[in-house]
Structures are given as structure tokens and as C-alpha cells.
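Below you'll find the structure, written out as C-alpha cells, and then a few comments.
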Amino acid sequence: MENIILIGMPGCGKSTVGVKLAQALDMSFIDTDDVIQARSGRRLQEMVDDDGIDRFLEEEADAVCSLQVSGYVVATGGSVVYKERAMRHLHAVGTVLYIELPYEEIERRIHNLSSRGIALREGQTLRMLYDERIPLYEAQADAVVHAQGLKMDETVQAAIRACCEKRQSMV
């Protein structure tokens with residue numbers, strides 16, 4: 001069975017939606033942030049602070065490329081789109097869904113910017129990060145789930161519809 005891969009900004013709900021989506025589809029769930037932390041023995045923010053963003057992005061890509069799963073909903077870190085090798089692997093093992101929310105909603109949801117393990121370069125604001133990443137998410141998405149104004153269950157249903165539509169278009 002193919003996997004469903006969730007990409008998007010920090011705070012868009014990849015992990016929360018992912019758990020519910022996995023339950024709805026009787027699939028397993030994995031969060032690549034957990035894989036990265038298990039492999040390194042450190043928290044994401046500690047890795048970013050101690051090793052720098054470039055090294056963190058390499059470790060993230062290594063962790064993502066190590067995933068050999070089937071029948072999973074995979075929530076990725078927001079920075080996964082920076083490494084082409086990670087995205088090639090994810091596309092090879094599943095359908096990539098972009099959970100899209102407008103900047104204002106992301107800003108409202110993120111309160112712990114400096115401790116959340118976000119790959120934010122020195123001097124970069126959340127708005128700058130958002131503007132930089134949106135074209136990357138759009139380019140990598142097999143389908144987009146527009147989550148603005150949707151309740152959790154509605155977002156899950158939208159993700160299921162997006163997967164079904166993607167699979168039908170491939171036939």
C-alpha cells in the first residue's frame with residue numbers, strides 16, 4: 001500500500017491531521033520529526049542551535065530517506081522541501097499532500113518560534129520563511145488541501161478526497 005505524505009508550514013496541522021487521517025484510513029502514522037530526534041538523540045531545536053540549519057537539513061534528509069514504510073501517513077517537518085533527495089524519496093513512496101493555510105493562520109498558531117525547532121535563519125522572520133517556502137510546497141505537491149476555515153474532521157475528509165482524486169487522475 002502506498003503512503004500519504006503531508007508537507008506544509010509549521011503550524012499547519014500536519015501531525016494532528018496525520019494522526020486523524022491515519023485512523024480514518026486504517027493506516028499507521030509516523031512523524032519524521034520523531035525519526036530525526038530518535039536518530040540524533042536530541043531535540044530539533046538543539047540540533048538547529050548546535051549544528052546550524054544546513055547540517056540540520058542534511059540530517060532531516062537522511063532521516064526521511066531512511067524511511068522504508070508502506071501503508072503510512074507520514075507527517076514531515078516543514079523544511080523537508082529544501083532537500084531534493086528527500087522529496088524524490090517521498091514521491092517514490094507515496095502521494096504528497098500540501099496542507100495549505102494562509103500566513104495569518106500560521107502566525108496565529110505558532111507561539112514558540114524560537115524553541116519549536118523551525119529551520120529559521122538568523123534575521124529571517126516567520127513571514128519571510130512563509131514566502132520562501134510556499135512556492136516549494138506548491139511545486140512538490142501532488143495535491144493541495146486548502147485547510148483555511150475547515151474543522152479537523154473536514155480537513156481529514158479534504159485530504160482523503162485529494163488522495164482519491166490524485167489516484168483517479170493516474171489511472
Item checked: Total residues in the stretch 47-93, condition in contact (Cβ under 8 Å) with a residue 12 or more places away in the chain, open to solvent by 10 Å² or more (accessible area, probe 1.4 Å) and of a type in the set (D, E, K, R) -> 5
Next item on the list: Tally the residues that are open to solvent by 40 Å² or more (accessible area, probe 1.4 Å) and either in a helix (DSSP H, G or I) or at pLDDT 90 or above (or both), restricting the search to the stretch 103-114.
Entry: 4
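Condition (residue is of a type in the set (Asp, Glu) and under 21 Å from residue 151 (Cα atoms)) applied to the stretch 21-30: is it met by at least one residue?
Scanning the stretch 21-30 turns up at least one residue that is of a type in the set (Asp, Glu) and under 21 Å from residue 151 (Cα atoms).
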Margin query: Could you go through the stretch 18-32 and let me know if any residue there is open to solvent by less than 10 Å² (accessible area, probe 1.4 Å) and part of a strand (DSSP E or B).
Written below: no
Check: residue 9 versus (1) in a strand (DSSP E or B); (2) surrounded by 23 or more Cβ atoms within 10 Å (Cβ to Cβ): which is the lone unmet condition?
Finding: (1)
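The values are calculated or read from the model by the stated rules, or taken from the named source; none is laboratory data. What you see is a predicted model; the values in this text were computed from it and never measured. Here Cβ is always computed from backbone atoms with ideal geometry, including for glycine, and neighbour counts include all displayed protein chains. With ligands, DNA and RNA removed, areas are computed over all heavy atoms of the protein, side chains included. Shrake-Rupley method; radii C 1.70, N 1.55, O 1.52, S 1.80 Å.
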